[in-house]
């Protein structure tokens, strides 16, 4: 190691960088997100002592430049972290001689109080925080010096690293790390490319990144091959790439890398043909590869060619072979795949020599020798002691005497192996011995089982790849622990639990041999996903009053894995001309690792409301109706018009506090996603209402009592749900059954709102089309959804207060908020909504196209239910896009309403609504519920 540092010693002083929080590199952006929640955490501190035992990091100080002088840092006493250093020690530290030495001998055993990096040009100090913080307050030793040098080199930023030392007190030192940076890649250029691959796609293909990567010749050479491989994927098999490197005159210690591309000739495949096959093309083209992947090359239409990729041809070859073996042709072989030139070339005008000058079109011809077709003759099993032969034989397909299906047989072998693994006998060997009879053309199998003598136990479960999420958050989802008998089914269930949390993008389990025979280690490699959601948008609130402004701005911020501990923390903010609302939420779905979850919410709202029913004549009936019967006989359109004409205006403010809890059980019924959930919640609040008392008189007695007075109200909610859906927010398959009750008025209070509301719902999802895209994770799906829900407003169990439809009907969701059509506003005691729709997730979890048919029914009084006829229902047909982002569930539909009228169809039942031709209308829907 060199001991000469002339450039270092001549410097009059060295900056001392500020102290930073210790976080891994991938968490640096998270720390800024966590800062947004500092104000909220104090508000919720009284709820759970468990949630706030972790100290939040201090605000990140401003970054210092290399030439700035940092203020001196007061040293801690060597006697302990909580004691104040003696004055003498501080003076010694300030007056210590700044002698810098490259020999560490005299500094051994001193505590590292500061680490300073010298020689930085393009690398920022914040990139080195983790390395710096991990070594502060360590006692200097040869091991520490070696680790620091190795860790600095491993960052791949530097060509040379040398340490130096400065004593700053009797027991501490400052460590200097003098580095020589590699040259940074400031710009990447591509020359000679055509439109075949855009510059963005080329930059994605290479490892180098502008202003992030540092120049290494080996990396540039590897990127040349990566670009060629990208062109090979486009059929340009003769593409050649070379590169040049030049210094950047505009940036110090930086280079510009230029890739010169000679694309060559492009090959494209127009389809496939078969020689020697007894099957039709359509039958062969229906074959699917691994994971349900379709064939790459199967079209015979010249106008839709695909690029020549050798790997894709080989994949298709294996798919055809697997298809024949599933049909009983065990000796089938593809003799050769012939490539026939279909069209010689197509000249492109105005192209240079290094761009594609022509394209060749090929057709693939598979020459097939099918061989004889074998029938299935059963299996025999030997070596099994844990399970009977009859029990294991049930795992294999029947159909003796029918064509043998190799795919089904292999699946049965996997099920047999899994049966042993699920009980901990992971080392059990299952060997099938094939017996073919060429005369009878039959095939049977003798399955030899060598059972494991011991059951494998779990030595440890290790987590890798979790930067933010704590280990225990991962481990609590795995129903296994160290010392347990290994159970493959339980491990799969745990992985599904992890995916269900939506904290991780991928979860890859790995099972390796433990430290002794019979012991295994489970390694879970996880890749964390984005758990913070920030959304800003517009909320469209339907109104019954002409001239009102129904649009308000919304902002939602939530972190679903707060502090990496699985907590949920968020805020909702809505600002509009007529309404303002702010709400803070905190939740912990797994208190102390259990299935019990709890949450808190605190909110404030203010709104200016219009179209409120009033009773100026004091007869207890909605104005301008004189009798209750006339109100019940009135149409929804007439009521809506009266509310616009006679409705009053008021201003309402409210403060709400709520607590909720849930208990979830995973029950493996029907599928692995099956779960049972019990939930409940209690919400309480106070409200204040103001209006012109000389002009208006509300129909609601509570509203009159709430005039310029704070009134208390509360609700108790509880529900039970069972679901087998695969995705919580936007399912692809499964069933959901939910029953919820809301009790208004748990605590007796003056003018509290007393009612009991019930909501029952059923949802069914099934994919009617599901095609996996070739070489992609994208899946084309058409999903059929049937949903129905019934809401009813009942009398309070122990209060003598019958909820009147015209007064309390608004406790049910209104037509305009629940239905996707444009039906007029109305009150009601009971509501039934049914939908049948086909969903196309155009961009999964972001945008879906819906085609739907809705049927809805509202009863103003419960007595009307028994006399319901077809003419009372309202129907809506529609289609359009819908955002499936949980924070912005907005849809824009084109809809058509219709009703049955004495057996005939009325396609324009409410012509006064804003519609297009023939009763069609645009419908803007926010927060769709079924």
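The values are calculated or read from the model by the stated rules, or taken from the named source; none is laboratory data. These figures come from a predicted structure and were not determined experimentally. Here the Cβ positions follow ideal geometry from the backbone for every residue, glycine too, while neighbour counts run over all protein chains shown.
Which residue, of 174, 129, is crowded, with 19+ Cβ neighbours inside 10 Å, in a helix (DSSP H, G or I) and outside the structural domain of residue 255 (by TED's automatic domain parsing)?
Checking each option against the conditions leaves just 129.
Does residue 502 qualify as being more than 15 Å from residue 528 (Cα to Cα), surrounded by 15 or more Cβ atoms within 10 Å (Cβ to Cβ) and either at pLDDT 90 or above or out of contact with any helix residue (DSSP H, G or I) (no Cβ under 8 Å at 6 or more places or on another chain) (or both)?
So residue 502 does not fit the description; no.
For the range 701-741, which residues satisfy the criterion of being within 21 Å of the chain's Cα centre (by Cα) and assigned to a loop (DSSP other than H, G, I, E, B)?
724, 725, 726, 727, 728, 729, 730, 731, 732, 733
Can you name every residue in the range 885-926 that is modelled with pLDDT under 70 and exposed (fewer than 14 other Cβ atoms within 10 Å of the Cβ)?
If the condition is that a residue be modelled with pLDDT under 70 and exposed (fewer than 14 other Cβ atoms within 10 Å of the Cβ), then 911, 912, 914, 916, 917, 918 are the ones that fit.
A quick yes/no check of all residues on (1) modelled with pLDDT under 90; (2) under 17 Å from residue 362 (Cα atoms); (3) in a strand (DSSP E or B):
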site: 237; (1), (2), (3): yes, yes, no
site: 242; (1), (2), (3): no, no, yes
site: 245; (1), (2), (3): no, no, yes
site: 249; (1), (2), (3): no, no, no
site: 269; (1), (2), (3): yes, yes, yes
site: 274; (1), (2), (3): no, yes, yes
site: 291; (1), (2), (3): yes, no, no
site: 296; (1), (2), (3): yes, yes, no
site: 316; (1), (2), (3): no, yes, no
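So for the range 179-187 (the condition being surrounded by fewer than 19 Cβ atoms within 10 Å (Cβ to Cβ) and under 36 Å from the mean Cα position of the chain (by Cα)), does at least one residue qualify?
Scanning the range 179-187, I find at least one residue that is surrounded by fewer than 19 Cβ atoms within 10 Å (Cβ to Cβ) and under 36 Å from the mean Cα position of the chain (by Cα), so the answer is yes.
From the set of residues in the range 858-886 that are assigned by TED's automatic domain parsing to the domain that holds residue 730 and assigned to a strand (DSSP E or B), which is nearest to residue 571 (Cα to Cα)?
The selected residue is 858.
Could you list, in sequence order, the residues of the range 318-347 that are in a strand (DSSP E or B) and modelled with pLDDT of 90 or more?
The answer is 333, 334, 335, 336, 337, 338.
Sort out which residues of the range 137-153 are closer than 26 Å to residue 216 by Cβ and in contact with a helix residue (DSSP H, G or I) (Cβ under 9 Å, 6 or more places away or on another chain), and write them in order of number.
Hits for the range 137-153 are 147, 148, 151, 152.
Tally time: how many residues in the range 686-696 are over 14 Å from residue 609 (Cα atoms) and in contact (Cβ under 8 Å) with a residue 40 or more places away in the chain?
Qualifying residue count, the range 686-696: 1.
Any residue that is surrounded by 15 or more Cβ atoms within 10 Å (Cβ to Cβ), modelled with pLDDT of 85 or more, over 22 Å from residue 425 (Cα atoms) and outside the structural domain of residue 729 (by TED's automatic domain parsing) - is there at least one of those in the range 485-495?
no
Which of the residues spanning the range 479-525 are touching a residue at least 24 places away in the same chain (Cβ under 8 Å), under 20 Å from the mean Cα position of the chain (by Cα) and not in a helix (DSSP H, G or I)?
Hits for the range 479-525 are 502, 503, 504, 505, 524, 525.
Considering only residues that are buried (at least 18 other Cβ atoms within 10 Å of the Cβ) and within 30 Å of residue 666 (Cα to Cα), which ones fall in the range 699-716?
Residue satisfying the conditions is 715 alone.
What do you reckon, is residue 721 touching a residue at least 24 places away in the same chain (Cβ under 8 Å) and surrounded by fewer than 17 Cβ atoms within 10 Å (Cβ to Cβ)?
Judged against the criteria, residue 721 is not a match.
Touching a helix residue (DSSP H, G or I) at 6+ places or on another chain (Cβ under 7 Å) and surrounded by 14 or more Cβ atoms within 10 Å (Cβ to Cβ) - does that describe any residue in the range 679-690?
yes
Conditions tested, residue by residue: (1) within 41 Å of the chain's Cα centre (by Cα); (2) assigned to a helix (DSSP H, G or I).
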residue: 603; (1), (2): yes, no
residue: 617; (1), (2): no, no
residue: 621; (1), (2): no, no
residue: 638; (1), (2): no, yes
residue: 644; (1), (2): no, yes
residue: 656; (1), (2): yes, no
residue: 660; (1), (2): yes, no
residue: 679; (1), (2): yes, no
residue: 688; (1), (2): yes, no
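Determine whether residue 865 is modelled with pLDDT of 85 or more, under 29 Å from the mean Cα position of the chain (by Cα) and surrounded by fewer than 17 Cβ atoms within 10 Å (Cβ to Cβ).
Judged against the criteria, residue 865 is not a match.
Among the residues of the range 825-848 satisfying the criterion of being in contact (Cβ under 8 Å) with a residue 12 or more places away in the chain and exposed (fewer than 15 other Cβ atoms within 10 Å of the Cβ), which is nearest to the chain's Cα centre (by Cα)?
Going through the qualifying residues, I end up with 845.
Are any residues in the range 193-203 closer than 21 Å to residue 255 by Cβ and surrounded by fewer than 18 Cβ atoms within 10 Å (Cβ to Cβ), and if so, which ones?
Scanning the range 193-203 gives 199, 203.
Would a scan of the range 778-801 turn up a residue that is at pLDDT below 80, outside any strand (DSSP E or B), out of contact with any strand residue (DSSP E or B) (no Cβ under 6 Å at 6 or more places or on another chain) and within 30 Å of residue 294 (Cβ to Cβ)?
Looking for residues that are at pLDDT below 80, outside any strand (DSSP E or B), out of contact with any strand residue (DSSP E or B) (no Cβ under 6 Å at 6 or more places or on another chain) and within 30 Å of residue 294 (Cβ to Cβ), one finds at least one in the range 778-801, hence yes.
Within the range 704-712, is there a residue that is touching a helix residue (DSSP H, G or I) at 6+ places or on another chain (Cβ under 6 Å) and farther than 30 Å from residue 594 by Cβ?
no
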